[in-house]
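Following: one structure in structure tokens, then a few remarks.
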Amino acid sequence: MTTTLTGELLIGAQAKRGEGAAFQAIDAASNTPIAQPVFHGARQGDVERACELADDAFDAYRTLPAEQRAQFLDDCAARIEALGEPLIERAMAESGLPRARLEGERARTANQLRMFAMLVRSGDALDVRIEPALPERQPPRTDLRFWRIGVGPVAVFGASNFPLAFSVAGGDTASALAAGCPVVVKAHPAHPGTSELVGRAIQQAVAAAGLPEGVFSLLFDAGHEVGSALVQHPAIRAVGFTGSRAGGLALVKLAAARSEPIPVYAEMSSVNPNLLMPGALAARGETLARDYAASTTLGCGQFCTNPGLMLGLAGADFEAFATNAAREFSAAAAGVMLTPGILRAYEHGIGRLVEHPKVTTLARGAAAPGRAQAALLRVSASDLLADASLGEEVFGPSSVLVECADEAELRAVLRHIEGQLTITLHADAADGDLVRALLPLIERKAGRLLANGFPTGVEVCDAMVHGGPFPSTSDGRSTSVGTAAIERFLRPVCYQNLADGWLPDALRDANPLHVKRRFAGRPEVA
Ligand code: NAP
């Protein structure tokens, strides 16, 4: 497996030096440039070439037999694993994330490609439905058959905080490829070397499978031009993005302003409220405080599911929790952040809160130059209700403890908060009535509801939802993690009255692919 980096763009089968601005990767821990290689941004012509190749590849790729598409995904996984130590070392240098985390992320990346391969083999995502002709009915009905096909080429923006599992071959790419959609990736400039290594592995898998070259391309840019041009290119039919609210909304705006608007699935901003129910708080407040600090500071707080708000009811148990949590946060080590820009944004966000007259700083973790210092802050629910900016996401190892005077105030906060990826309940059996009463409210606000755990750590599986109402995502009907992520890149097609021999195999009477289907409103019996 080649692990020599060149800094080149990967456009279809070609590797090409970009003619745009030059940039280098930055070593996150030392904030110094990594000498080799020098990367060059793409130009408009490169975007056009990658998108045209993707468009050319679309029909041949989406009509591949399922087994071939599944084998391609499996091969991508194997080739990423085969990159071995150089991939981990490069990702550690570029992201500042520790080895164990990146090794776990590599496994997650490979596993999610294999999970999508299994989904492709099963045919379940095709969602085949057949309504046979009813010639005797008045008026007579002709035969109707439904399935789902890929939407077309997809633009993927790699996320800074998951350089493997949500980047070049991450969840967005895997789900788009599984749907039969070619992918053009805009690499995140925070980890270009990691991106090139993974990109070359995918490029080689495309060639080894004999697929049309445009199934995958990887473009670099240190600014916004390439990403903007990609979203505006007529061949691109959908966008997957994870990052800031400003970035996501900018892409949503560009996509909506196209002469033919396209969907943008942007995962943006969430503070993941945790609710301390009175029974649980009384029974195990000290443990909860310790786990809260651990979850908030995990990975230097650089998770979209970081518990940014902790809500509880005023009283002695709440005060004890605040004291215990403050002790834990004070003991947190200073952490390396992904990029100097993300550190600056964190310091700015914390500075704004610390200086706010209604905010109490309960604890700061250890400080070190060029490192993020953990922070635990406290506000009253009434002040939060008066100024929603106190509850805005500050990406990093910080959280805000919110004291609610009573249940009515807790409900008021839940009614006023924005859409979230997750809401967590810390509750014991004694809290059952309150939990049941709150559920209808919190279901409206989040994509994933948890009990007695912490939201950091997102399982990749059939039942996961990593999405939620705006602004946690730009489209709350979707998830970006788990097999349901494929639905973002599929669209339904109905065939009315087509002869059996003209239909795709999955829709034919004999069901030669043995896919699960609904027939006349019921699961089909084989
Ligand atoms: P970002 O600034 O939103 O950038 C993500 C990607 O989108 C990058 O490739 C970026 O290119 C591109 N981009 C951003 N704005 C764009 C625009 N207007 N037009 C075209 N392309 C655009 O996110 P980030 O660099 O990962 O981190 C910055 C902040 O995002 C963090 O401090 C944090 O607040 C937030 N964040 C949130 C999550 C989450 O899951 N909620 C995850 C990661 C980051 P360039 O880098 O070249 O600008």
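Kindly report the accessible area of the stretch 468-522 per residue (heavy atoms of protein chains, probe 1.4 Å, no ligands, DNA or RNA), in Å².
54 Å²
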At 1.4 Å probe size, with no ligands or nucleic acids counted, give the accessible surface of Val435 in Å², nearest ten.
30 Å²
What ranking of His233, His224 comes out by heavy-atom accessible area, probe 1.4 Å, highest first?
His224, His233
Nearest 10 degrees is fine. How inclined is helix 192-208 to the longest principal axis of the chain, computing both from alpha carbons?
20 degrees
Can you tell me how the stretch 1-129 classifies by the Cα gyration tensor, rounded, prolate or oblate, using a/c under 1.5 as the rounded cut?
oblate
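With the contact rule set at Cα under 8 Å and sequence spacing of 6 or more, what percent relative contact order holds for the chain?
Numbers: 1212 pairs, mean separation 89.5, N = 526.
Rounded, it is 17 percent for the chain.
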Spin-label pair Asn111/Ala320, simplified geometry with 7 Å Cα→Cβ offset, distance in nm
3.7 nm
Once you place label points 7 Å from the Cα toward the Cβ at Asp433 and Arg327, how far apart are they in nm?
3.3 nm
Which listed residue (Ile423, Ala294, Ile342) has the Cα farthest towards the positive end of the charge dipole for the stretch 274-451, taking +1 on Lys and Arg C-beta and -1 on Asp and Glu C-beta about the Cα centre?
Ile342
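Find how much the distance from Ala21 to Asn452 grows on full extension, using 0.36 nm per residue of separation minus their present alpha carbon separation; answer in nm with one decimal.
Numbers: separation 431, 0.36 × 431 = 155.16 nm, distance 4.87 nm.
Extra length from Ala21 to Asn452 when fully extended: 150.3 nm.
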As straight-line cross-link partners of Lys186, the qualifying lysines (C-alpha separation under 25 Å, not fewer than 8 residues apart within one chain) are Lys16, Lys253
With a Förster distance of 51 angstrom and the Cβ-Cβ distance between Ala208 and Ala294, calculated FRET efficiency to the nearest 0.05 equals 0.75
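Between Ala133 and Asp475, what is the FRET efficiency for a Förster distance of 56 Å, r being their Cβ-Cβ separation, to the nearest 0.05? Walk me through the intermediate numbers first.
Details: r = 36 Å, r/R0 = 0.64.
FRET efficiency, Ala133 to Asp475: 0.95.
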Placed amide H near Thr422: partners under 5 Å, 5+ positions off or other chain
Asn272, Gly447, Arg448
Run the numbers for Glu85 and Glu355: contour at 0.36 nm per residue of separation, minus the present Cα-Cα distance, in nm.
92.7 nm
If you average the C-alpha positions of the stretch 419-469 and of the stretch 113-187 separately, how far apart do those two centres end up, in angstrom?
27 Å
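For a Förster distance of 56 Å, can you work out the FRET efficiency between the beta-carbons of Val38 and Glu260, rounded to the nearest 0.05? Before the final figure, lay out the partial values.
Values: r = 37 Å, r/R0 = 0.66.
Plugging the Cβ-Cβ distance into 1/(1 + (r/R0)^6) gives 0.90.
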Where Trp147, Trp502 fall by accessible area, highest first, once all protein chains stay in place (1.4 Å)
Trp502, Trp147
Rounded accessible area of His466 (nearest 10 Å², 1.4 Å probe):
10 Å²
Gain in length, Leu498 to Phe519, computed as 0.36 nm per residue apart minus the alpha-carbon separation, to one decimal in nm?
5.9 nm
Would you compute, from DSSP H runs of 4+ residues alone, the mean residue ellipticity of the chain at 222 nm, taking -39500 (n - 2.57) per run and dividing by the full residue count, rounded to the nearest 500?
-12000 deg cm²/dmol
Can you list the residues, at least 5 places off or on another chain, whose amide H is less than 5 Å from the amide H of Val481, using H built in the peptide plane?
His466
Rounded to whole Hz, the Karplus (6.51, -1.76, 1.60) HN-Hα couplings of the stretch 370-375, x for glycine and proline:
x, 10, 8, 9, 4, 8
Going residue by residue through the stretch 457-470, the Karplus relation 6.51 cos²θ - 1.76 cosθ + 1.60 with θ = phi - 60° gives ³J(HN,Hα) values, rounded to whole Hz and with x marking Gly or Pro, of x, 10, 5, 9, 6, 4, 9, 7, 10, 10, x, x, x, 3
With charges only on Cβ, +1 for K and R and -1 for D and E, what is the dipole size of the chain about its Cα centre, in debye, rounded to 20?
400 debye
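DSSP beta bridges in the stretch 376-520, what fraction antiparallel, as a percent rounded to 5? Intermediate results must be reported in sequence, preceding the final value.
Working: 0 of 10 bridges.
DSSP beta bridges in the stretch 376-520 are roughly 0 percent antiparallel.
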Could you state the number of Å between the C-alpha centres of the stretch 84-111 and the stretch 227-251?
26 Å
When only the heavy atoms of the protein chains count and the probe is 1.4 Å, how do Thr456, Thr194, Thr360, Thr142 rank by accessible area, highest first?
Thr360, Thr142, Thr456, Thr194
Gyration tensor verdict on the chain (Cα atoms; rounded if a/c is under 1.5, prolate if a/b is larger than b/c, oblate otherwise)
oblate
Accessible surface, the stretch 274-451, averaged per residue in Å² (probe 1.4 Å):
40 Å²
Euclidean distance of C-alpha centroids, the stretch 321-384 and the stretch 1-59, integer Å:
36 Å
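The values are calculated or read from the model by the stated rules, or taken from the named source; none is laboratory data. It should be emphasised that the depicted structure is a prediction, and the values quoted were computed from it without experimental measurement. Reconstructed Cβ throughout: ideal geometry from the backbone, glycine too, with neighbour counts over all protein chains shown. Note: accessible area is taken over every heavy atom of the protein model, side chains too, but ligands, DNA and RNA are not part of it. Shrake-Rupley method; radii C 1.70, N 1.55, O 1.52, S 1.80 Å.
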